[in-house]
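A short write-up of the structure that comes next.
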Amino acid sequence: MKTSREDKDLEQMDMTTDQEVAERFVAGAAVEGGRFDQTSILLHWVTVFLIVAQFGSAWLREAVDHETSLAAALLTMHQTTGVLTWIVVVARLVWRRCFAYLPPFPQSMPKPQQWVAKANEYGLYALLVVQPVTGLGNVLFHGRPFTLLIWEVPVLLAPDTAIRGLFVAAHEFGAKALVILIGLHAGAALFHGLVLRDGVLQRMLPWTLR
């Protein structure tokens, strides 16, 4: 009789343990279901790294003598990361359009706030596509050879100060607009993650928060 009761207790414990494991699995799946797919997350953080490299190289170059080899290396780094950013962003847009999983906003997030978030996101995409183009126009109409990735690119266009000036102005405006939109984007993400705690921040983190 005692053995039968012990067997029932053990069976009940096993059932409880199995239920807890199942609940944890479902909870984990729910968390993963609220996140972007791994490829989107990877492309996002590669983009972040490249943007940091671009702004860092541009600001450092402004702090050194432009006639030094360091300034030339920083300029090459800036131009190279600009081209890489364009490639990654285009790949990201193609992936987003054709394959990506886009988790919905939390139900608690007001519609106007969702519209602002989407407008900010689309603005970032637009600037990240256009900004390398304006930078390339600046370089091409400078009328000098330049280094891109591992290649030495010869002079492709005759110098044109007027047209180059337009590209320079557009590039500088785009850089300032990027800083503003990135600041709003990062600030909103931190607000959702640290204050609202509604899962928005976790959607694009390379790890999950418990």
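The values are calculated or read from the model by the stated rules, or taken from the named source; none is laboratory data. The model shown is predicted, which means the values in this text are computed figures rather than measured ones. All Cβ positions, glycine included, derive from the backbone under ideal geometry; neighbour counts span all protein chains shown.
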Exercise for the section: Scan the stretch 156-178 residue by residue and report those that are surrounded by 12 or more Cβ atoms within 10 Å (Cβ to Cβ), aliphatic (A, V, I, L, M) and either modelled with pLDDT of 95 or more or assigned to a helix (DSSP H, G or I) (or both). Expected result: I163, L166, V168, A169, A170, A175, A177, L178
Practice task
Could you tell me whether Q114 is assigned to a helix (DSSP H, G or I), at pLDDT below 95 and either under 20 Å from L84 (Cα atoms) or not small (G, A, S) (or both)?
Solution key: yes
Exercise for the section: Say whether the condition of being touching a helix residue (DSSP H, G or I) at 6+ places or on another chain (Cβ under 6 Å) and assigned to a helix (DSSP H, G or I) is met by at least one residue in the stretch 61-69. Expected result: yes
Handout entry: Inter-residue pairs, beta-carbon under 9 Å, first farther than 27 Å from M204 by Cα and touching a residue at least 12 places away in the same chain (Cβ under 8 Å) and in the stretch 48-74, second part of a helix (DSSP H, G or I) and hydroxyl-bearing (S, T, Y), 6+ apart
Key = L74/S57
